[in-house]
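I have placed the structure first, in the form of structure tokens, so that the comments after it can refer back to it.
Where a number appears in this text, it was derived from the coordinates with a stated rule and is not lab data. It should be emphasised that the depicted structure is a prediction, and the values quoted were computed from it without experimental measurement. Using ideal geometry, Cβ is built from the backbone for each residue, glycine included, and neighbour counts are taken over all protein chains shown.
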Amino acid sequence: MSNAEKLNEILDKAKTFFFLTTDGDKPKGRPFGFHMLVDGKIYFGCGTFKNVYKQMEKNPHVEIVALVDDGFMRYDGIAKIVKDDSLIEKVREIMPQIMAMYDKNNWEMGLFYLENGHAEIRGMMDLKEEFDV
């Protein structure tokens, strides 16, 4: 199993995870749920009209935190925005209701993955595993 597949399984298990950016000099976190593994990369998405997207454009250093079992996972890296219609079509297959709402409101879904990603699987008091993704 690749590191990306391992991380994807953790995100599947967590269902909801927290995506962290900065807004100026203040940290901002919010729950996310969408992710998809395509060709060895884990893609995330959000509306390009949202503050989180704009924060990512200004400072692409981000972190994801997911609670799993008796511990948690941290995954940080540099958000790389991707414009790819074939990936948007995959999002349509996975989340047709959300994409219908985006289409109805003329919103754009922004997709991204983390470059130079590093993951840590931790218990509350110990590091269980770490790897690059």
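Karplus-based coupling profile of region 119-126, in residue order and whole Hz: 10, 10, 9, 10, x, 5, 10, 8, with θ = phi - 60° in 6.51 cos²θ - 1.76 cosθ + 1.60 and x standing for Gly or Pro. Neighbours of MET56 by Cβ distance under 11 Å: Lys/Arg scored +1, Asp/Glu scored -1, total +3.
Sorted from longest to shortest, the spans of the Cα atoms of region 3-124 along the three principal axes equal 44, 33, 22 Å. Summarising the amide proton neighbourhood of VAL68: residues at separation of 5 or more, or on other chains, whose placed amide H is nearer than 5 Å comprise MET73.
If you take every residue apart from VAL91 with its C-beta less than 11 Å away from the C-beta of VAL91, what net charge results, scoring Lys and Arg +1 and Asp and Glu -1?
Details: positive: LYS90, ARG92; negative: ASP84, ASP85, GLU89, GLU93.
Counting the neighbours of VAL91, the net charge comes to -2.
What ranking, highest mean first, results for peptides 106-115, 121-130 when packing means the other Cβ atoms within 10 Å averaged over each residue? Let's see the in-between values first.
Working: 106-115: 17.5, 121-130: 10.9.
Listed from highest to lowest mean packing, they are 106-115, 121-130.
Computing FRET efficiency as 1/(1 + (r/R0)^6) for ARG92 and HIS61, where r is the C-beta to C-beta distance and R0 is 30 Å, gives about 0.50. Take 34-45, 91-102 and order them by the average number of nearby Cβ atoms within 10 Å per residue, most first; the result is 34-45, 91-102.
Would you kindly state how much longer the chain becomes between ALA100 and MET125 on full extension, computed as 0.36 nm times their sequence separation minus their alpha carbon distance, in nm to one decimal? Before the final figure, lay out the partial values.
Numbers: separation 25, 0.36 × 25 = 9.00 nm, distance 4.35 nm.
Result for the pair: 4.6 nm of gain on full extension.
Between amide H atoms placed 1.01 Å from N, distances below 5 Å from ILE42 occur with LEU114, all of them 5 or more places distant or on a separate chain. In terms of its alpha-carbon gyration tensor, region 47-101 comes out oblate; a/c meets the 1.5 threshold, while b/c is at least as large as a/b. Taking the chain as a Gaussian network of alpha-carbon nodes connected by springs under 10 Å, the highest mean-square fluctuation of the residues LYS13, LYS50, LYS104 belongs to LYS104.
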